[in-house]
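Have a look at the structure below, then the notes.
The values are calculated or read from the model by the stated rules, or taken from the named source; none is laboratory data. Here the structure is a predicted model, which means the values were calculated and not measured. Cβ placement follows ideal geometry from the backbone for every residue including glycine, while neighbour counts extend to all protein chains displayed. Ligands, DNA and RNA are excluded from the accessible area calculation, which covers all protein heavy atoms including side chains. Shrake-Rupley method; radii C 1.70, N 1.55, O 1.52, S 1.80 Å.
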Amino acid sequence: MPTAMVAALVSWGVSTAVATFIVNYALSVVINKIFGPDAPDAPEAQKDPGVDTRVSPNTANKLPILYGANRVRGTIVMAELSSDNKTMAYILALGEGAINTVGLARWEGSDLTLDGDINTGLRSVTNAVDLDGVSQDFLNGNLKLRAYANGGACSEMNSFSSDWASKSRTMPNTPYIYIELTYDRDEGVTGLADISFDIQGKKIKTLTGATLSSSTSYSSNPAECIVDYMTDPISGLGLSVGDLDLTSFQTMKDFCAVSLAYTDSSGSSASAPRYTCNGAVNTNSATNANLRNLMVSCQTVLAFNQGKFAVTIDSAQAVTKNLGADDIIGGISITDAGFDNLVNELTLGFRSVKTNYKQDQVVLESPASVRNANEPLLERTIDLPFTNNSVEAERAGSILLNQGRASTAIRFRATVAHIDLEAGDIIGITDETTGWVNEQFRIMSITEMNETVTTLEISAIEYEASVYTDLSLNERSDHIDTNLLSPNKVSEVSNLVTADALTDLPAINVSWSVADNQFVDNFAVRYKKTTESVYETITLASNSYTIKNLEDNVTYNIGVRSYSSLGRHSVYVDTTQATLERIPESPSSLSAVEDVYNTNQAAGIRSRVTLTWDINPVSGSTFNATSVIIEQRFSTGVGVTWKIIGTSTNSSFVINDLGSG
């Protein structure tokens with residue numbers, strides 16, 4: 001019995017059990033022919049390389065296709081260390097296909113401020129601001145970035161690496177980031193951390209009047225992104241434009257672009273397009289899975305009509321035809337999916353731009369009025385990888401949830417006079433046996449049955465226009481204040497006190513306190529002469545320190561900051577302190593005791609004098625002497641000039657061999 005697929009609709013909603021019998025063998029042949037042969041299986045543990053992980057260097061890794069607004073981390077494709085072992089240069093490939101622009105750069109959750117546009121030159125980091133608004137300077141002078149949104153030769157890496165330059169690599173049509181990172185142990189910069197970039201994604205051909213442009217430009221419209229993926233010859237489906245019904249895609253573009261009102265998280269009125277496409281295609285996944293992910297986020301299903309692929313908007317539509325006894329051949333086969341295949345709670349997962357692209361979710365529940373008696377929890381979870389806000393997630397999810405209540409599907413044969421019907425059309429069925437009068441169904445597939453008399457086998461699922469009513473939506477709050485302390489916010493020191501240590505050798509005592517030390521692990525004390533530019537730095541765990549080996553009568557700049565165990569630090573709290581001039585106290589209570597002795601017959605009688613004294617410095621004014629100089633002179637006559645005869649480091653001295661008289 002020869003058959004031919006005339007039209008088919010591939011549904012990716014929650015009512016998969018209802019649609020199971022609809023996607024029959026003929027439809028499977030069509031879909032598998034397009035999606036199956038060249039679709040590699042995804043590795044079991046493979047994560048999306050364009051969204052939440054950095055992939056290590058590996059020639060087996062594929063680059064994602066980036067659509068719309070996104071935050072990406074990239075794949076390391078080159079890394080080289082400088083000859084002095086202090087600076088590492090990296091190239092992070094972001095995706096496949098030239099993108100529009102690279103915006104904000106982030107380092108472990110902190111927004112980076114650069115000294116210029118990252119897209120036009122090598123830029124240095126001048127500030128890092130964390131989620132609590134705390135500024136950090138640990139990357140200043142240590143991190144430089146340059147974005148190549150269109151790909152192309154990297155002049156910075158050519159200069160940094162002779163090996164890279166010798167191979168004349170150009171990286172065409174591959175957006176990437178060049179990074180220079182300088183090792184700085186004192187600042188906690190010891191390797192490439194979690195660095196990410198906000199981007200506007202792939203530049204694609206756009207639709208105008210159902211005609212595809214010859215040049216590319218940025219678009220986040222789902223219809224244009226889907227056309228790009230279906231015609232992408234590298235990681236997409238590789239279809240020709242002639243395989244697509246561009247009129248249907250133009251209708252989809254216009255539908256998604258309609259601006260709808262909502263209430264934002266602050267309670268103000270706002271508006272935005274009905275649907276946008278913002279995500280990364282995981283090119284390690286099968287192409288049909290990626291196409292499903294693109295479509296489920298925007299209220300659209302794929303159709304195959306009269307030899308071309310088209311899209312059908314899953315929305316309220318007028319009835320195309322009413323079919324009755326004169327149009328239907330034989331009876332109608334009716335299938336009910338069953339109680340267990342209904343849905344009354346739907347969880348939509350998405351990465352929210354409002355929460356810095358962290359995983360978020362919207363949970364929707366069917367009201368009690370539509371549930372069956374004693375109906376248990378019937379939950380499903382759907383991921384929306386190309387949705388980045390709660391409004392679009394709830395809009396798409398509400399329709400999917402309502403469709404999840406549908407349980408009736410039909411199959412029947414119709415006369416060939418209705419060959420003009422297409423998958424996605426709404427038909428009204430009048431049937432005496434069931435008592436239906438223009439009961440509405442959406443066509444899922446049409447198969448031409450070439451028997452003695454050519455007929456059409458039509459499969460359809462129940463349709464209810466109220467499912468598609470535009471809702472009044474409220475944006476979910478982007479922040480819940482838990483009042484929990486942030487480990488990234490390190491309290492700066494307070495009550496900084498400095499004073500001369502009043503020791504014999506110049507030194508300064510420094511002490512401080514911290515108002516909230518829950519995340520404080522240690523401190524750094526820095527100091528220098530006010531006339532110098534380079535600080536000496538000491539790291540310690542206590543709240544006080546004595547700076548030694550200083551010079552007297554000199555003013556010093558002194559600063560203290562706190563560190564967390566994560567390597568985050570506060571700003572320095574600075575002050576100045578001068579050392580006192582170390583003037584020694586003069587000896588006092590000087591006494592001399594003579595001792596007369598007979599040496600030998602030639603020398604005769606000699607004497608010696610033992611001198612003793614005290615030194616009592618006045619705190620803050622005078623200091624202990626490190627040594628005492630002893631001088632002598634004759635009291636009268638020749639030689640009355642003072643002459644140094646010795647030094648002492650204690651409080652006594654003996655003058656020997658004095659002559660008599």
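In segment 450-464, the residue that is farthest from I410 (Cα to Cα) out of those that are among the aliphatic types (A, V, I, L, M) and crowded, with 18+ Cβ neighbours inside 10 Å is L456.
Name, by its number, the condition in (1) surrounded by 15 or more Cβ atoms within 10 Å (Cβ to Cβ); (2) at pLDDT below 95; (3) aliphatic (A, V, I, L, M) that does not hold for A210. All conditions pass for A210, except number (1).
This table checks each residue for (1) at pLDDT below 95; (2) under 28 Å from D117 (Cβ atoms); (3) in a strand (DSSP E or B).
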site: G191; (1), (2), (3): yes, yes, no
site: D198; (1), (2), (3): no, yes, yes
site: T216; (1), (2), (3): no, yes, yes
site: A223; (1), (2), (3): no, no, no
site: I226; (1), (2), (3): no, no, no
site: L239; (1), (2), (3): yes, no, no
site: F249; (1), (2), (3): no, no, no
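Residues that are modelled with pLDDT under 90 and among the acidic types (D, E) within segment 377-402 comprise just one, E379.
Restricting attention to segment 141-174, which residues are closer than 17 Å to R123 by Cα and either in a loop (DSSP other than H, G, I, E, B) or open to solvent by less than 50 Å² (accessible area, probe 1.4 Å) (or both)? Hits for segment 141-174 are G141, N142, L143, L145, R146, A147, Y148, A149, C154, E156, M157.
Restricting attention to segment 383-400, does a residue exist that is assigned to a strand (DSSP E or B), over 17 Å from S459 (Cα atoms), open to solvent by less than 10 Å² (accessible area, probe 1.4 Å) and touching a Phe, Trp or Tyr at 6+ places or on another chain (Cβ under 8 Å)?
So in segment 383-400, the residues assigned to a strand (DSSP E or B) come out as 383.
From the residues that got through so far, the ones that are over 17 Å from S459 (Cα atoms) too are 383.
The next check asks that each one be open to solvent by less than 10 Å² (accessible area, probe 1.4 Å); those that pass are none.
Checked segment 383-400: no residue is assigned to a strand (DSSP E or B), over 17 Å from S459 (Cα atoms), open to solvent by less than 10 Å² (accessible area, probe 1.4 Å) and touching a Phe, Trp or Tyr at 6+ places or on another chain (Cβ under 8 Å).
Given the structure, is D264 of a type in the set (D, E) and either closer than 27 Å to V353 by Cα or free of Cβ contacts under 8 Å to residues at least 12 places away in the same chain (or both)? When the stated conditions are applied, D264 passes them. Among the residues of segment 347-370, the ones that are in a helix (DSSP H, G or I) and among the polar types (S, T, N, Q) come to 2 in all.
Residues in segment 190-207 that are open to solvent by 60 Å² or more (accessible area, probe 1.4 Å) and under 19 Å from G68 (Cβ atoms): Q200, K205.
Restricting attention to segment 515-529, the residues that are open to solvent by less than 40 Å² (accessible area, probe 1.4 Å) and among the basic types (K, R) total 1. Among the criteria (1) open to solvent by less than 20 Å² (accessible area, probe 1.4 Å); (2) closer than 21 Å to D420 by Cβ; (3) not in a strand (DSSP E or B), the one M295 does not fulfil is (2).
Do we have T546 as surrounded by fewer than 16 Cβ atoms within 10 Å (Cβ to Cβ), in contact with a strand residue (DSSP E or B) (Cβ under 9 Å, 6 or more places away or on another chain) and in contact (Cβ under 8 Å) with a residue 24 or more places away in the chain here? Spelling it out, T546 is indeed surrounded by fewer than 16 Cβ atoms within 10 Å (Cβ to Cβ), in contact with a strand residue (DSSP E or B) (Cβ under 9 Å, 6 or more places away or on another chain) and in contact (Cβ under 8 Å) with a residue 24 or more places away in the chain.
From the list R411, R405, which residue is over 27 Å from S477 (Cα atoms) and part of a strand (DSSP E or B)? Break it down stepwise before answering.
Values: R405 fails: part of a strand (DSSP E or B).
On inspection, the qualifying residue turns out to be R411.
There is at least one residue in segment 432-444 that is out of contact with any Pro (no Cβ under 6 Å at 6 or more places or on another chain), assigned to a strand (DSSP E or B), open to solvent by 70 Å² or more (accessible area, probe 1.4 Å) and within 23 Å of G404 (Cβ to Cβ). Checked against (1) over 30 Å from S135 (Cβ atoms); (2) touching a residue at least 12 places away in the same chain (Cβ under 8 Å), Y535 meets all criteria but (1).
Residue-by-condition table, conditions (1) exposed (fewer than 15 other Cβ atoms within 10 Å of the Cβ); (2) modelled with pLDDT of 90 or more; (3) touching a Pro at 6+ places or on another chain (Cβ under 9 Å); (4) not β-branched (V, I, T):
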| site | (1), (2), (3), (4) |
| --- | --- |
| T482 | yes, no, no, no |
| K489 | no, no, no, yes |
| S494 | yes, yes, no, yes |
| A501 | no, yes, no, yes |
| W512 | no, yes, no, yes |
| T531 | yes, yes, no, no |
| E551 | yes, yes, yes, yes |
| G559 | no, yes, no, yes |
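The single residue among T126, T174, T182 that is farther than 24 Å from V525 by Cα and touching a residue at least 12 places away in the same chain (Cβ under 8 Å) turns out to be T174. From the list A524, A499, the one residue that fits, being touching a His at 6+ places or on another chain (Cβ under 9 Å) and either over 30 Å from P273 (Cα atoms) or free of Cβ contacts under 8 Å to residues at least 24 places away in the same chain (or both), is A524.
From the list A280, A303, pick out the single residue that is outside any loop (DSSP other than H, G, I, E, B), under 29 Å from the mean Cα position of the chain (by Cα) and surrounded by 14 or more Cβ atoms within 10 Å (Cβ to Cβ).
Numbers: A303 fails: under 29 Å from the mean Cα position of the chain (by Cα).
Only one candidate qualifies: A280.
Out of all the residues in segment 249-258, is one or more at negative phi, surrounded by fewer than 20 Cβ atoms within 10 Å (Cβ to Cβ) and among the basic types (K, R)? Checked segment 249-258: no residue is at negative phi, surrounded by fewer than 20 Cβ atoms within 10 Å (Cβ to Cβ) and among the basic types (K, R).
When segment 70-87 is filtered for residues that are farther than 23 Å from V353 by Cβ and open to solvent by less than 40 Å² (accessible area, probe 1.4 Å), the ones remaining, listed by number, are I76, M78, S82, T87.
Considering segment 549-633, the qualifying strands (runs of 3 or more DSSP E), each wholly inside and each with 2 or more residues that are under 60 Å from the mean Cα position of the chain (by Cα), run over 555-564, 573-578.
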